[in-house]
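The values are calculated or read from the model by the stated rules, or taken from the named source; none is laboratory data. Please read all numbers here as calculations on a predicted model, not as lab measurements. Neighbour counts run over all protein chains shown; Cβ positions are idealised from the backbone, glycine included.
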Ligand SMILES: Cc1cc2nc3c(=O)[nH]c(=O)nc-3n(C[C@H](O)[C@H](O)[C@H](O)COP(=O)(O)OP(=O)(O)OC[C@H]3O[C@@H](n4cnc5c(N)ncnc54)[C@H](O)[C@@H]3O)c2cc1C
């Protein structure tokens, strides 16, 4: 067992750290203040700097202009990028494009790849993934109302979606729609590419997240699809393969998310320790002199390290033994790492006192915009249920 960083990756990680320190982190304040649309020019400059440094698209295959890293290496890079809210976007590794890119790469036809995948990989367009519906439980995704009915060579799509992240400004959505309501539950839906300028595609609003509706890539939209007509050649994979593809999309996606969350944890940990070390609570002593803060620091260190090891183990298992062998490990990191992150953000806010709930540090941004981590990609409770079922089955527990 080797816990060292892979030697071939070390120079890359060092160059990423340098770019993060010199360009990305100093740009944070302006992007936070002006928003993702207002600061679009600055964000493009950051992307150009990343491309010039040869660090664009760590997870994007080499033939598409990326670095082509495997899951473990990309996980380690993702942690570094996660230390800034601008990291993944600046390096072309942001959700939901990263997942959509993987789906198009594996399942796209040559025509779909030329039209959508190649400009997506170059960062010239953005995309979104449109599955969740306000009227149905996202935690049980086989319950979908959105339909795609065949008409000649086309599909006609009707549905109501929400939490389609990054829809504003996206060139296309990958829409999960029922193509055969009579099929077995997991064979009913298909993934279909819908250009966002198709007639009948209506972005109703960006949904406010604890009061912040965001903009552009940093937003979550409610969308109506009303008689949206697209050619059947826009379907990804076989008819009814939507859930199969979704499952494949989510496996590596959870590694990316968890390593990004660990990057956030490291940033928040730094903020918490720095504040504890400098905030005087009387003439002599700082907050760091208090045992309860010391316990928070030690506990956080242990939890972040445990989260990282669990996530890298899951990445390694997917890479070497396939997703099926890693199912439980992936569920475990989904609920464990999101929980570690949210507890740490909350403690760091507590250490900062009133400053913690202002927008003068990143903590409030993380508190608002990372809370969803315990809900998306399968709510934590569902992952716990899945893991415990497989364990308890071995003890003969009847369902
Ligand atoms: C920030 C954010 C970004 C998102 N981005 C996207 C996106 O880009 N595209 C997209 O399609 N969707 C997206 N989603 C939606 C997300 O996938 C769903 O919110 C998620 O699947 C949960 O569905 P739901 O909100 O309908 O909750 P529900 O299914 O109504 O569940 C509510 C709660 O019930 C509990 N629960 C549910 N089932 C069980 C169970 N079996 N046992 C015990 N407890 C249970 C859980 O605590 C859960 O949080 C996003 C969500 C968030 C918050």
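A quick yes/no check of all residues on (1) away from the ligand (no atom under 16 Å from the Cβ); (2) touching a helix residue (DSSP H, G or I) at 6+ places or on another chain (Cβ under 9 Å); (3) over 25 Å from residue 96 (Cβ atoms); (4) touching a residue at least 24 places away in the same chain (Cβ under 8 Å):
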position: 340; (1), (2), (3), (4): yes, yes, no, yes
position: 346; (1), (2), (3), (4): yes, yes, yes, no
position: 368; (1), (2), (3), (4): no, no, no, yes
position: 371; (1), (2), (3), (4): no, yes, no, yes
position: 383; (1), (2), (3), (4): no, yes, no, yes
position: 394; (1), (2), (3), (4): yes, no, yes, no
position: 398; (1), (2), (3), (4): yes, no, yes, no
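Filter the stretch 252-278 for residues that are surrounded by fewer than 19 Cβ atoms within 10 Å (Cβ to Cβ) and within 19 Å of the chain's Cα centre (by Cα) and give the result.
Within the stretch 252-278, just 266 meets the criteria.
Can you tell me which residue among 261, 296 is outside the structural domain of residue 140 (by TED's automatic domain parsing) and within 20 Å of residue 99 (Cα to Cα)?
Among 261, 296, only 261 is outside the structural domain of residue 140 (by TED's automatic domain parsing) and within 20 Å of residue 99 (Cα to Cα).
Restricting the search to the stretch 165-184, which residues are over 21 Å from residue 38 (Cα atoms) and either within 15 Å of the ligand (Cβ to nearest atom) or part of a strand (DSSP E or B) (or both)?
172, 173, 174, 175, 176, 177, 178
Only one of (1) buried (at least 19 other Cβ atoms within 10 Å of the Cβ); (2) out of contact with any strand residue (DSSP E or B) (no Cβ under 7 Å at 6 or more places or on another chain); (3) within 30 Å of residue 195 (Cα to Cα) is not met by residue 236, so which one is it?
So the condition that residue 236 fails would be (2).
Looking at residue 217, is it within 24 Å of residue 163 (Cβ to Cβ), out of contact with any strand residue (DSSP E or B) (no Cβ under 6 Å at 6 or more places or on another chain) and at pLDDT 95 or above?
So residue 217 passes the test.
Can you name every residue in the stretch 137-164 that is within 8 Å of the ligand (Cβ to nearest atom), in contact with a helix residue (DSSP H, G or I) (Cβ under 9 Å, 6 or more places away or on another chain) and modelled with pLDDT of 95 or more?
Passing the criteria: only 163.
If you take just the helices (runs of 4 or more DSSP H) that sit entirely in the stretch 36-136, which of them hold at least 2 residues that are within 16 Å of the ligand (Cβ to nearest atom) and within 17 Å of the chain's Cα centre (by Cα)?
87-90, 97-107
Just give me the residues in the stretch 146-155 being surrounded by 14 or more Cβ atoms within 10 Å (Cβ to Cβ) and in a loop (DSSP other than H, G, I, E, B), in sequence order.
Residue satisfying the conditions is 146 alone.
Could you please let me know if residue 334 is under 17 Å from residue 256 (Cα atoms) and either at pLDDT below 95 or within 12 Å of the ligand (Cβ to nearest atom) (or both)?
yes
Identify all residues within the stretch 95-126 that are without any contact (Cβ under 8 Å) to a residue 60 or more places away in the chain and closer than 14 Å to residue 253 by Cβ; write none if there are none.
Selection gives 101, 105.
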